[in-house]
Amino acid sequence: MKITKMKYAFSIMVLAMMSVGLLYSQSGTSGGSFEKAGSTGSQFLKIGVGSRAMGMGGAFGGVSNDITALYYNPAGIARLGGTNLGVEYNEWFADMKHSFVGLSIPISTDYTLGVSVLMLDAGSMEITTIEQPEGTGSTFSVTDLAVGVTFAANITDQFSFGMTMKYIENNIFDLTASGFAFDAGTIYEAAIQGLKIGFAVSNLGGESDFTGQSLTVLYTNLDERDAGITSRPLNATLNSTPYSLPLSFRGGVSYDVMAGMADQSLVVAADFIHLSDNPEKFNMGAEYVWNNLFAVRGGYQMRYNEFGLTFGTGINFENESFRGSFDYAYADLGILGAANRIGFRFKF
């Protein structure tokens, strides 16, 4: 495969972004330190997507061969072929709803475009005040949104690169914080059949802060009021502290033990994840597919406070127009309960 000037420039840009992301992530915690825990916002970006991927414990950085590569490693969509559509739903703890929709379309033999939408809905909660601690009768909602546009390319027969630009928005009541971030990744298919290595940096962007009407308040001196002293309420504006995004660097490797077999596969995978606001994480998992029809998956997430074992299953189906898959995954969240994910993937 000929490396054109465009491919060369694109690969240099992606590698530069990944290098910058790695340098920034190194300024975070490491070696089990928790000193920066809770120091970033937009935490919904760290919730893994995909019933197939999460059934494998989230060890998908080196796999990334379905539409959820848009989340784990954008380079993965370069080799999907055809038009791919995925819809995922996650019943998260505390009645939160986590959803993902992804679409990829090849624009040439070597180039692919993708679009993704990631959303977390925490539902409605009752508004309370100092004067009405039991509730005012009104409610507010909390939602998070990320919309991404991805471009990926096959640089050679073995190397793929991808880059995503995404808009991120957080909403709490009438307060909104928004900004832009980038993801970048690469996948290398080794000379050993079935072996893949992937690297990705996610959420490389600036700081955001909340703005909105609720930051303007009417301040009343309660001590003077309780003492019977009449005073004029004062208008005040609350300051919103800017927050960073949860930058992460992911390195993954996968190997198909049954590579070369037409109707079966056994993929084992492992990911190392370096976070800017938490200690490193390790994910490992496996997937066995029988007769290109039925899949069983299992995984384990290490160095998480509550996360641990995961398992999942999937069924493939097809007709003359498309191929599809239905996937389910279960994840043990410890004292937080469990997460149940379902997803549909289609290839046209």
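Observations on the structure shown:
- Considering the conditions (1) modelled with pLDDT under 85; (2) under 27 Å from ILE172 (Cβ atoms), THR230 is excluded by exactly one of them, (2).
- Extreme residue, nearest to ASN65 (Cα to Cα), among residues of the range 319-348 that are modelled with pLDDT under 90 and either of a type in the set (Gly, Ala, Ser) or part of a strand (DSSP E or B) (or both): SER321
- Filtered residues of the range 47-59 (kept if of a type outside the set (A, V, I, L, M) and in contact with a strand residue (DSSP E or B) (Cβ under 7 Å, 6 or more places away or on another chain)): GLY50, SER51, ARG52, GLY55, GLY57, GLY58
- Failed condition for GLY28, given (1) at pLDDT below 60; (2) within 22 Å of VAL115 (Cα to Cα): (2)
- Every residue from the range 233-245 that is surrounded by fewer than 21 Cβ atoms within 10 Å (Cβ to Cβ) and either outside any strand (DSSP E or B) or in contact (Cβ under 8 Å) with a residue 60 or more places away in the chain (or both): PRO233, LEU238, ASN239, SER240, THR241, PRO242, TYR243, SER244
- Among the candidates ASN292, ASN283, ASN316, the residue that is within 21 Å of TYR255 (Cβ to Cβ), in contact (Cβ under 8 Å) with a residue 24 or more places away in the chain and outside any loop (DSSP other than H, G, I, E, B) is uniquely ASN283.
Listed here are the residues, each with its yes/no results for (1) aromatic (Phe, Trp, Tyr); (2) modelled with pLDDT under 90; (3) part of a loop (DSSP other than H, G, I, E, B).
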residue: ALA262; (1), (2), (3): no, yes, yes
residue: HIS274; (1), (2), (3): no, no, no
residue: TYR288; (1), (2), (3): yes, no, no
residue: VAL296; (1), (2), (3): no, no, no
residue: PHE311; (1), (2), (3): yes, no, no
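- Single residue of the range 99-156 satisfying the filter (surrounded by fewer than 16 Cβ atoms within 10 Å (Cβ to Cβ) and among the charged types (D, E, K, R)) that is farthest from GLY81 (Cα to Cα): GLU131
- Residues in the range 259-278 include at least one that is over 16 Å from VAL49 (Cβ atoms), touching a residue at least 60 places away in the same chain (Cβ under 8 Å) and loosely packed, with under 14 Cβ neighbours inside 10 Å.
- Within the range 51-74, being among the polar types (S, T, N, Q), in contact with a helix residue (DSSP H, G or I) (Cβ under 9 Å, 6 or more places away or on another chain) and either closer than 21 Å to ILE315 by Cβ or surrounded by fewer than 24 Cβ atoms within 10 Å (Cβ to Cβ) (or both) holds for ASN65, THR68.
- Tallying residues that are among the polar types (S, T, N, Q) and loosely packed, with under 14 Cβ neighbours inside 10 Å within the range 312-330 yields 2.
The values are calculated or read from the model by the stated rules, or taken from the named source; none is laboratory data. Please read all numbers here as calculations on a predicted model, not as lab measurements. Glycine also receives a Cβ, built like all others from the backbone with ideal geometry; neighbour counts cover every protein chain displayed.
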